[in-house]
Amino acid sequence: MATHAHRALFELLDITDEDALECAALLDTPPSEPVLRAMRAMRERLGSCSSESLPADGASETEWIEALLRFAPSAHAYHVELGISPAVSAASLADVGLQLRINRRVHGRFGLDTWSWLTLHMAGNLFRLGRLQFHLVRAPQEAGQATHTAEEWVLGVHIPEDGGLSPALVDASFAEARTFFPRYFPDKPVAVATCDSWMLDPYLVSRLPGSNIASFAKRFTLDRCTDAPTDAVYFTFRQRGLQDLNKLPRDTSLQRVVLERIDDGGTWQLGHGHLAL
Ligand SMILES: CC(C)(COP(=O)(O)OP(=O)(O)OC[C@H]1O[C@@H](n2cnc3c(N)ncnc32)[C@H](O)[C@@H]1OP(=O)(O)O)[C@@H](O)C(=O)NCCC(=O)NCCS
């Protein structure tokens with residue numbers, strides 16, 4: 001089926017080429033019950049500033065793709081109702097198309113193994129502002145802590161794949177976040193940003209001093225690390241799992257550092273950090 005009937009949607013979500021054809025085929029047949037159920041789940045929490053991805057609830061990966069496509073206009077309309085520019089909304093929802101393209105690199109076919117990540121975008125509280133994405137969520141409460149404190153909200157920071165991460169781009173993105181959130185979410189004051197990423201693993205910072213990645217990581221105060229053996233391989237090589245590592249390229253310094261640590265018996269970590277906005 002032709003993609004022109006869905007051109008506006010595919011532009012909004014930055015869905016291109018073969019992915020557009022596959023998505024058009026999904027949209028050109030009536031939605032199944034699992035698709036409708038997934039859409040209801042997204043509708044129920046639109047605007048709730050939810051921090052969790054939705055569970056599969058019996059819908060397959062392909063059914064989730066269809067549900068995301070069918071629901072995205074509602075998330076866009078919600079953004080626009082808040083007064084957020086259509087361009088910022090589109091930049092935020094364009095992660096759908098990016099993740100479809102990444103899936104092709106990872107699995108060599110149409111699909112979206114990161115569909116649950118995209119259910120966060122559909123709750124209406126995850127925005128791409130310049131280079132970075134910011135997720136407005138409730139701060140995790142410590143046991144026994146009062147429920148309403150000035151520190152109740154935080155921005156979870158995410159780094160979409162999209163070229164280099166120069167300090168100037170990161171500065172600009174944080175500067176935009178500092179004005180965007182008070183303007184559109186005045187009842188949810190944020191003073192802290194958090195980041196949970198393989199890029200904050202102190203081993204990486206020590207092995208790639210002076211890199212954009214190290215400069216990004218050093219903005220955050222590291223709170224703790226947890227084992228994440230496959231993340232560095234996934235984000236560097238777009239390979240799920242640690243099989244056949246000897247076939248992967250060692251062309252860049254990052255590729256070499258990631259593989260050499262595993263060669264030496266080390267385990268990659270997820271660094272959990274925070275910074276004051
Ligand atoms: C984060 C990211 C934008 C950093 O890119 P960058 O600004 O080019 O990074 P740096 O300048 O610090 O790179 C240092 C070195 O690593 C290399 N490098 C960086 N990212 C790379 C990648 N994804 N694959 C291979 N090599 C990479 C650079 O080419 C450079 O190599 P060199 O020293 O041989 O010239 C990039 O790694 C990326 O897109 N990653 C995927 C998204 C991601 O990981 N998000 C976080 C999820 S928790």
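The values are calculated or read from the model by the stated rules, or taken from the named source; none is laboratory data. Here the structure is a predicted model, which is why all the values come from computation and not from measurement. Ideal geometry is used to build each Cβ from the backbone, glycine not excepted, and the neighbour counts take in all protein chains shown.
Scanning segment 206-243 for residues that are without any contact (Cβ under 8 Å) to a residue 40 or more places away in the chain and away from the ligand (no atom under 13 Å from the Cβ) yields Ser206, Pro229, Gly241, Leu242, Gln243. If you filter segment 11-67 down to residues that are among the hydroxyl-bearing types (Ser, Thr, Tyr) and without any contact (Cβ under 8 Å) to a residue 40 or more places away in the chain, you find that the one that is surrounded by the fewest Cβ atoms within 10 Å (Cβ to Cβ) is Thr29. Test Met1 against the stated conditions and say whether it is under 30 Å from Val190 (Cβ atoms) and either modelled with pLDDT under 95 or of a type in the set (A, V, I, L, M, F, W, C) (or both). Judged against the criteria, Met1 is not a match.
Results for (1) over 26 Å from Phe216 (Cβ atoms); (2) among the β-branched types (Val, Ile, Thr), shown as yes or no for each residue.
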position: Gly47; (1), (2): yes, no
position: Leu54; (1), (2): yes, no
position: Ser74; (1), (2): yes, no
position: Val88; (1), (2): no, yes
position: Asn103; (1), (2): no, no
position: Asp113; (1), (2): no, no
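Would you check if there is a residue in segment 98-114 being hydroxyl-bearing (Ser, Thr, Tyr), under 21 Å from Ala24 (Cα atoms) and surrounded by 15 or more Cβ atoms within 10 Å (Cβ to Cβ)? Yes - at least one qualifying residue is present in segment 98-114. Take the residues of segment 162-182 that are in contact (Cβ under 8 Å) with a residue 40 or more places away in the chain and more than 16 Å from the ligand (Cβ to nearest atom): which is surrounded by the fewest Cβ atoms within 10 Å (Cβ to Cβ)? Looking at the filtered set, the residue picked out is Arg178. The condition of being over 19 Å from the mean Cα position of the chain (by Cα) and of a type in the set (Val, Ile, Thr) holds for only one of Thr252, Thr230, Thr194, Thr236, that being Thr252.
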